[in-house]
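Please treat every number below as a calculation from the coordinates, not as lab data. Note that the structure is a prediction, hence the values are computed from the model and not measured. When we count neighbours, we look across all protein chains shown, and the Cβ atoms used for this are built from the backbone with ideal geometry, even at glycine.
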4 protein chains.
Amino acid sequence: MSGARSAADHAGPDARRRAILDAAARRFAVAGVELTSIDDIARSLGATKGKIYHHFGSKGELVRAIRLHSVQLTHDHVLPAYRGGGDPATRLHRMAAAHVEVMMQALAYHRVVVETMRAHPHRGATQVERSLAAQTRALQGTYEDLFRDVIREGIESGVFAGQNLSIALHSLMMLLNAPVYWYRPRLGERGTDRDAIKTQIAAMALGALRAAPGD
Amino acid sequence: MSGARSAADHAGPDARRRAILDAAARRFAVAGVELTSIDDIARSLGATKGKIYHHFGSKGELVRAIRLHSVQLTHDHVLPAYRGGGDPATRLHRMAAAHVEVMMQALAYHRVVVETMRAHPHRGATQVERSLAAQTRALQGTYEDLFRDVIREGIESGVFAGQNLSIALHSLMMLLNAPVYWYRPRLGERGTDRDAIKTQIAAMALGALRAAPGD
Amino acid sequence: MSGARSAADHAGPDARRRAILDAAARRFAVAGVELTSIDDIARSLGATKGKIYHHFGSKGELVRAIRLHSVQLTHDHVLPAYRGGGDPATRLHRMAAAHVEVMMQALAYHRVVVETMRAHPHRGATQVERSLAAQTRALQGTYEDLFRDVIREGIESGVFAGQNLSIALHSLMMLLNAPVYWYRPRLGERGTDRDAIKTQIAAMALGALRAAPGD
Amino acid sequence: MSGARSAADHAGPDARRRAILDAAARRFAVAGVELTSIDDIARSLGATKGKIYHHFGSKGELVRAIRLHSVQLTHDHVLPAYRGGGDPATRLHRMAAAHVEVMMQALAYHRVVVETMRAHPHRGATQVERSLAAQTRALQGTYEDLFRDVIREGIESGVFAGQNLSIALHSLMMLLNAPVYWYRPRLGERGTDRDAIKTQIAAMALGALRAAPGD
DNA sequence: AATGAATGAGTCTTCATTCAT
DNA sequence: GATGAATGAAGACTCATTCAT
């Protein structure tokens, strides 16, 4: 195992960083961030922790890089649906489906995100860590604004029920994130199962927004 | 500091256990389970570690007792709405509102639950810990069955859209749990804000179940 | 203190392990296993806990490694006398002398053995600990069989008195181990004192086996 | 179990002290002194530790009281054989047999003695503990002198081989203590087994002393 | 670029002991 | 006499991090 070199080792520093990030996300997702040691990650890479510290300054940096990557993936995957035309309901349906889809695609990364949603001591974070966190926060804001926009537009046009925008947004995001908590890909499956999941959840999302509080 | 005795100290061992559990839940909710040391909890009680270990065998036992308490609270609070009459939509609306309500009431306890949703190594758990976990699992199952029942009934009677029951249940629970992640009581507020939140989320829940996947 | 490196540090990992084992045996022998903390051992090495834990997984592993080493030393030192020819009395005399000799040579290791003769909870032992214990048990069995063989042969040939073999073996081992309890090398001495001790005890061992119970 | 009161509770403080001492010796013998907590002992008495601390000032006092009791028992049991007439060989045989006998009778107490043979930090001992230790040391000295006397007499009269008295005494005591390490009473047995053991070991003791070092 | 060794701060946990009742 | 509660010191162990090679 040690001595063997994976494809990533021949593909430059970026690919190496990415391989480390993948391994870390996987371990974090399985065992939890706190219970995963740098040694665990190194072992799952067939290497020692020196390798990891060569590319990432700290465990916190690893976590924050995973978070940023998760948000980037999600944003990039959903943006086309936002930009595509159509009425608010149609756009939101497409965005929701895309969100659910990417949740299932990069499950490990998103698991880390939901696990580390709280608990971010700014104190003690390095410069790099703060920078990553700031980028993540900014992009996360941008991302949520996509949904906020469409919801607002839908409310204004009467497609969605009049309601508190903040509560609606929070609830929607949680509904769309739900698969991160329970979805576990089966060995045989790939396409159909995921399609059914994303279709149903997108429909539920639409239904949730259409309902009036005083219903 | 020592020598001072709080009200709980005069009310028997159960009240003392409960006071410890409350303090632990509060600290865990604020800083995260892993980042909270037993000493932190003791300090917030104006006592020392020993007091806690006198009543709970381990940190894991504390966490599991909090989880069980959370599920019990929730179950007890929602059961009347399940038992009350009405068509499936009405009952589910009441159940959802009750669930959201109890989330906000015992916020700290539920925060611990969602944080520790994963990562429960059966290995290394003590007998007491396993017993608490088993009770929690059982009651959690019973609780979810309440919702499952009503959803199924609603689907059969045509009030809810035909859909995958499991996905619907998972999504619904996540939607109802959402406030645990973002709700933070403001000092002035109490009644109206919470009412608005639970009403809106309950409405969204209903809307989500009414929507057909092929919509 | 840090920065200084002893000879062992230049001689590879085995020598380093051995240096730690020596230090541990010495501390254990002086103060007792339970009263010796890992920090004590580290301090006597001019290092910190971490060094020890880098090479040994736990305190129990340290103890068991010392036990195994002790038995190996003893077995290796006595085996030639067993294999050498002669009548049972002669062989047993040589074996006894060799045993007493090695007791005094590696006093610290053997002290640990006699102290930890009992009290080995299998429960809670790590895999490595169990493996070390199993090896020790096996080698200890092999070792005692050397004596058992010679005693039996001696009884059969009439050189030794007819007696219960098990009691005889137990008693003999205890007699030969006795110096571990009371022997304490004096600074000036080396050769003659030890010779006298081993000669006298070997003679007593022979005498003990020759005596008939009904004498 | 709790609430029940044993016979000892009705028989005055001495009997109560003795019951505690018995329980402590038993627990210490089974699990080792360090691994036995005061709570363990209390539990085996069907009481709580308050009871123990009512009668003994500390755990160390408990251990030292057990040691003293062990030596007293042994001394009292062997003294008649010392005082009884006969040639040195006869007396020593009787003394040895008596010693082995009492070892098996009060096994738990003697186990504690051999376990705590070392490791007696004078520092930190209370007044009572030091007093108990001093009495034990004195009585132990007196006791060993009984054997020393007889051995010397035997050597002078030519019954025993000329040899180093100190080595002989040490070795003899160890030989006679051996059953403490390995003897474990079987449920059915009592008389015959023990008789065989004490007879054989006494014979071996005699044989050991008769043998000349230059043999 | 990567490794093995070492550090040291931080945590859980145990348990002898004290004390109010 | 005895109990339950609480204390606090001590110790094993983990693990992120640093560093020489």
Exercise for review: Taking each label point as 7 Å beyond Cα in the direction of the beta carbon, state the distances from residue B:85 to the same residue in the other copies, shortest first, in nm.
Suggested key: 5.4, 10.9, 11.0
Check your understanding: For residue C:124, which inter-copy label distances result when the label point lies 7 Å beyond Cα on the Cα-to-Cβ vector, reported in nm to one decimal and in ascending order?
Key -> 1.6, 2.0, 3.0
Practice item. State, as an integer percentage, the relative contact order of chain B based on alpha-carbon contacts under 8 Å between residues 6 or more apart. Key: 23 percent
Point to revise | Computed magnitude of the charge dipole of region C:55-148 (debye, nearest 20; Cβ of K, R +1, Cβ of D, E -1) | key: 240 debye
Point to revise | For B:53, A:143, D:109, order by how many other beta-carbon atoms lie within 10 Å, fewest first | key: B:53, A:143, D:109
Exercise for review: Would you work out the charge dipole size for region B:58-210 about its Cα centre, treating the Cβ of every Lys and Arg as +1 and the Cβ of every Asp and Glu as -1, and quote it to the nearest 20 debye?
Suggested key: 420 debye
**Study point:** Gap separating the Cα centres of region D:147-189 and region A:91-152, nearest whole Å
**Key:** 80 Å
Review point. Once you sort the root eigenvalues of the Cα gyration tensor of region C:50-120 as a ≥ b ≥ c, which label holds: rounded (a/c under 1.5), prolate (a/b larger than b/c) or oblate (the other case)?
Key: prolate
**Study point:** Over the protein assembly as shown: Kirkwood hydrodynamic radius from C-alpha pairwise inverse distances, Å
**Key:** 33.6 Å
Practice item. Just need log10 I(q)/I(0) for chain A at q = 0.13 Å⁻¹, Debye formula, equal scatterers on the alpha-carbon atoms, no solvent, rounded to two decimals. Key: -0.81
Review point. Arranged by the count of other C-beta atoms within 10 angstrom, fewest first, what order do B:198, B:59 take?
Key: B:59, B:198
**Study point:** Among C:110, C:171, C:161 - extreme Cα towards positive end, dipole of region C:109-215, charges at beta-carbon
**Key:** C:110
Study note, to complete from the structure: With only helices counted (DSSP H, runs n ≥ 4, each -39500 (n - 2.57)), the per-residue ellipticity at 222 nm for chain B, to the nearest 500, works out to -24000 deg cm²/dmol
Review point. What is the set of long-range amide H partners of residue A:160 at a cut-off below 5 Å, with H atoms built 1.01 Å from backbone N?
Key: A:155
Review point. Which listed residue (D:81, D:147, D:45) has the Cα farthest towards the positive end of the charge dipole for chain D, taking +1 on Lys and Arg C-beta and -1 on Asp and Glu C-beta about the Cα centre?
Key: D:45
Check your understanding: Chain A: which residue's Cβ hugs the A-to-D rotation axis most tightly, distance rounded to whole Å?
Key -> A:35, 15
Study note, to complete from the structure: Note: region A:99-215 at 4 °C, 1.567 mPa s; Kirkwood Rh on alpha carbon pairs; Stokes-Einstein D in µm²/s works out to 80 µm²/s
Exercise for review: Using the structure shown, select from A:59/B:59; A:59/B:51; B:51/B:198; C:198/D:198 the pairs with a Cα to Cα distance greater than 29 angstrom.
Suggested key: A:59/B:51; B:51/B:198
Exercise for review: Put a label point 7 Å from Cα along the Cβ direction on residue A:138, then list its distances to the equivalent points in the other copies in nm, shortest first.
Suggested key: 5.4, 6.3, 8.6
Review point. So for the protein assembly as shown, taking the charge dipole from beta-carbon charges (+1 Lys/Arg, -1 Asp/Glu), which of A:56, B:58, D:183 sits furthest toward the positive end?
Key: A:56
Practice item. Please work out the Kirkwood hydrodynamic radius for region B:7-56, using every pair of different C-alpha atoms, and report it in angstroms with one decimal place. Key: 10.8 Å
Review point. What FRET efficiency do you get for residue B:182 and residue A:105 if R0 is 41 Å and r is their Cβ-Cβ distance, rounded to the nearest 0.05?
Key: 0.95
Review point. Once phi is turned into ³J(HN,Hα) by the Karplus curve 6.51 cos²θ - 1.76 cosθ + 1.60 with θ = phi - 60°, what whole-Hz value does each residue of region C:177-188 show in order, with x for glycine and proline?
Key: 7, 3, x, 4, 7, 10, 5, 9, x, 8, 4, x
Review point. Does region C:119-158 come out rounded, prolate or oblate by the C-alpha gyration tensor, with a ≥ b ≥ c the root eigenvalues, rounded set by a/c under 1.5 and, if not, prolate when a/b is larger than b/c and oblate if not?
Key: prolate
Review point. With charges only on Cβ, +1 for K and R and -1 for D and E, what is the dipole size of the protein assembly as shown about its Cα centre, in debye, rounded to 20?
Key: 1040 debye
